[in-house]
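> This is the structure I want to talk about, given as structure tokens.
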Amino acid sequence: MALLLVSLCLAAVIFLYFANNPLNHTRKFMIRRFVNWFPLGMSYAFLYMGRYNLNVAKNALGDMMTKEQFGLIFAAGTITYGFSFLLNGPIVDKIGGKKGIIIATLGAAIMNMAMGGATYLYMMGRLKTNMVVLFSVLFALNMFFQSYGAVSIIKVKAYWFHVRERGVFGAIFGTLISFGVYFAFDWGQAIVEASKLHPTDTSWFTGMIQHLFAIDTLTTNATWLVFFIPSFLLVVWALIDMVLLKDSPKEANFDDFDTADASSGDDENVQITMSLVLKKVFSSPIMYTIALVDFTSGVLRNGIMQWYLVFAHEMKDKDPVYFAGTEFFTKNWGLLLCLTGIIGGFVAGMVSDRLFQSRRGPPAAINNMIMIVLLAVMAFFLFSNPTVVGSAAVLMTLAVIGVHSLMSGTAAADFGGKKMTATASGIVDGCVYLGSGLQSLAIGYLSAKSWAYWPLFLIPFAIMGLFLSIKMWNELPKATKEYILRMEKEEEAKQNANATNQVADPV
């Protein structure tokens with residue numbers, strides 16, 4: 001049933017993509033662009049599976065990995081991810097998104113295999129080194145390669161999508177994140193359940209996993225498969241990208257076009273150097289604002305997505321009655337995050353393009369206001385009503401994916417320009433994971449004292465995100481403003497011509 005719902009959502013996303021064509025591209029171009037972004041996007045989704053499988057492994061390992069240890073490991077990875085963009089953003093601007101996504105998928109595949117091997121050795125009693133140190137290093141390396149993924153997908157997008165189309169692409173970007181979360185949590189949990197020595201589930205998937213890996217011949221659960229299987233899937237998508245992906249329309253035998261972003265009007269002969277890119281990005285006040293908004297979204301997104309399952313799992317022993325009220329959410333966590341993330345991404349993207357002339361600040365401000373209310377609700381009902389808390393946590397992801405897809409997936413590319421979009425979006429996305437690293441350390445520490453601190457810690461960041469989003473309410477790249485003004489004048493001239501014709505030739 002869950003797979004059917006996700007498939008229907010994917011079909012809806014594809015339909016909306018083809019239905020949204022404000023620049024009247026040819027059908028041939030629309031199909032080729034779909035063939036370009038779909039495998040690129042699925043690669044990014046499976047990168048998420050190879051990222052948040054650590055969360056699933058933590059719950060499967062139980063006391064072998066405490067939440068304080070998990071917080072340290074996850075923080076090591078996210079902080080590495082955040083600073084990696086200073087290096088790989090300019091690199092992807094130079095080598096292109098195709099090579100960048102291949103580096104991301106193959107590098108993450110290797111690191112997931114290494115984490116799987118470490119988990120195997122640890123569970124078999126053969127690993128004598130400190131688990132926190134080893135997993136922190138491996139997960140940090142995994143996140144270093146993962147960081148090539150976001151900048152690569154946005155780098156390719158910048159050449160294929162006009163600014164007036166990017167709100168919807170931001171929605172597609174949010175959808176891909178949502179699929180990745182579904183793959184990580186629900187598929188990952190299915191792998192964990194199927195890899196148990198004595199599984200309670202009797203589905204065909206469990207039987208296949210048991211047969212393929214001969215789990216019944218071992219003496220412990222094969223939890224390491226939650227790392228090995230995503231690594232295999234990443235290799236498959238890397239091979240597909242090698243064949244289908246093109247960095248620009250010109251490489252796919254179409255004419256390049258002016259995307260009306262910050263690079264519009266730039267001299268094509270100017271050599272783009274790393275120092276020029278960094279100078280332009282770091283001298284832009286609007287880029288600082290976008291980065292700070294995304295910093296708050298990183299705290300908020302992973303502050304909910306990373307910790308709700310841990311919270312619910314702990315309540316199992318403390319309050320079995322309360323835990324029973326969380327079962328719907330824990331069993332369908334990945335699916336619920338997927339569905340709400342898709343809705344949040346599309347609503348934010350379409351509101352931005354259709355109601356606010358492709359301004360990204362207004363829908364981001366609205367979503368932050370929603371998150372403030374939801375966090376207050378969570379804080380009030382945290383220990384008394386599991387249904388309200390679970391529902392608020394799920395709706396939080398709807399709002400925060402909307403903010404993240406607008407900032408990292410869209411605004412950074414708009415104001416960075418297609419030539420520098422990897423560096424611009426990389427710095428912005430890096431701030432997301434610096435925020436994620438901060439919350440990982442803080443909530444890991446605070447929740448050990450009391451879970452009551454959990455939503456209270458997040459509320460100030462939603463307030464900060466609201467303030468910053470309001471600050472950028474009217475911001476648009478100069479070229480986008482000129483394009484919108486030109487389109488309005490053309491529409492006005494068309495209406496005047498129609499009115500004149502009606503007067504001259506009344507019915």
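> To the nearest Å, what is the center-to-center distance of segment 126-156 and segment 484-502, using C-alpha atoms only?
54
> Under the classification rounded if a/c is under 1.5, otherwise prolate if a/b is larger than b/c and oblate if not, where does segment 1-158 fall, given a ≥ b ≥ c as square roots of the Cα gyration tensor eigenvalues? Before the final figure, lay out each step's value.
On the way: a/c = 2.99, a/b = 1.79, b/c = 1.67.
Since a/c reaches 1.5 and a/b is larger than b/c, the shape of segment 1-158 is classed as prolate.
> If I model a spin label at residue 130 and residue 489 as a point 7 Å from the Cα along the Cα→Cβ vector, what separation in nanometres do I get?
Rounded to a tenth, the inter-label distance reads 6.6 nm.
> Could I ask something else about it? Using every Cα-Cα pair within segment 419-507, state what percent have a distance larger than 22 Å.
On the way: 2392 of 3916 pairs.
Everything past 22 Å amounts to 61 percent.
> How big is the gap, in Å, between the Cα center of segment 59-77 and the Cα center of segment 307-328?
So the separation of the two Cα centres works out to 18 Å.
> From the square roots a ≥ b ≥ c of the eigenvalues of the alpha-carbon gyration tensor of segment 53-103, which class results: rounded (a/c under 1.5), prolate (a/b over b/c), or oblate?
Working: a/c = 6.96, a/b = 2.48, b/c = 2.80.
Taking the square roots of the gyration eigenvalues as a ≥ b ≥ c, segment 53-103 is oblate.
> Let me ask you something else. What list of ³J(HN,Hα) couplings, whole Hz, do you get for segment 114-119 from phi and the Karplus terms 6.51, -1.76, 1.60, once you set θ to phi - 60° and write x for glycine and proline?
5, 5, x, x, 5, 5
> What Kirkwood hydrodynamic radius do you get for segment 105-193 when you take the inverse of the mean 1/r over all pairs of distinct Cα atoms, in Å?
On the way: mean 1/r = 0.0645 Å⁻¹.
About 15.5 Å, per the Kirkwood formula over Cα pairs.
> Still on this model: Test of understanding: ordering 407, 113, 64, 396 by Cβ neighbours within 10 Å, fewest first, what list do you get? Write down the numbers at each step before the final one.
Numbers: 407 33, 113 19, 64 14, 396 29.
Fewest-to-most ranking of 407, 113, 64, 396: 64, 113, 396, 407.
> Quick one: 373, 310, 226, 151, fewest Cβ neighbours within 10 Å first, how do they rank? Present the calculation step by step, with values, prior to reporting the outcome.
Details: 373 13, 310 20, 226 28, 151 33.
Lowest count first: 373, 310, 226, 151.
> Report the charge-dipole magnitude of segment 40-177 in Debye, nearest 20, computed about the Cα centre from +1 at each Lys and Arg Cβ and -1 at each Asp and Glu Cβ.
Dipole of segment 40-177, to the nearest 20 debye: 280 debye.
> Using only the alpha-carbon atoms of segment 366-475 as identical scatterers, what base-10 log of I(q)/I(0) does the Debye formula give at q = 0.15, 0.17, 0.19, 0.21 Å⁻¹?
With no solvent term, the Cα-only Debye profile gives -0.72, -0.88, -1.04, -1.18.
> Give me the percent relative contact order of the chain, please, defined on Cα pairs under 8 angstrom at least 6 residues apart.
25
> Let me ask something else about it. What number do you get for the chain when its Cα radius of gyration is normalised by 2.2 N^0.38 Å, N = residues? Intermediate results must be reported in sequence, preceding the final value.
On the way: Rg = 23.2 Å, N = 507, 2.2 N^0.38 = 23.5 Å.
So the Cα radius of gyration is 0.99 times the expected 2.2 N^0.38 Å.
> While we're looking at this one, here's another question. When you take every Cα atom in segment 283-343, what is the radius of gyration, and what is Dmax, the widest Cα pair distance, in Å?
16.4, 55
> Still on this model: Taking 8 Å as the Cα distance limit and 6 or more residues as the minimum spacing, I'd like the relative contact order of segment 42-194 as a percentage. It would help to have the intermediate numbers written out before the result.
Values: 164 pairs, mean separation 73.4, N = 153.
Taking the mean separation of contacting Cα pairs over the length of segment 42-194, I get 48 percent.
> Could you list 431, 9 so that the one with the fewest beta carbons within 10 Å of its beta carbon is first and the one with the most is last? Intermediate values should be presented prior to the final figure.
Numbers: 431 24, 9 21.
By the 10 Å Cβ count, ascending: 9, 431.
> Checking the a/c ratio against 1.5 first, then a/b against b/c, what shape does the Cα gyration tensor give for segment 333-386?
On the way: a/c = 5.02, a/b = 1.73, b/c = 2.90.
Taking the square roots of the gyration eigenvalues as a ≥ b ≥ c, segment 333-386 is oblate.
A short reminder: the numbers here are calculations on the coordinates, not readings from a lab. Keep in mind that this is a model prediction, so the values were computed, not measured. Methodologically, a virtual Cβ is constructed for each residue, glycine included, from the backbone with ideal geometry; neighbour enumeration extends over all protein chains shown.
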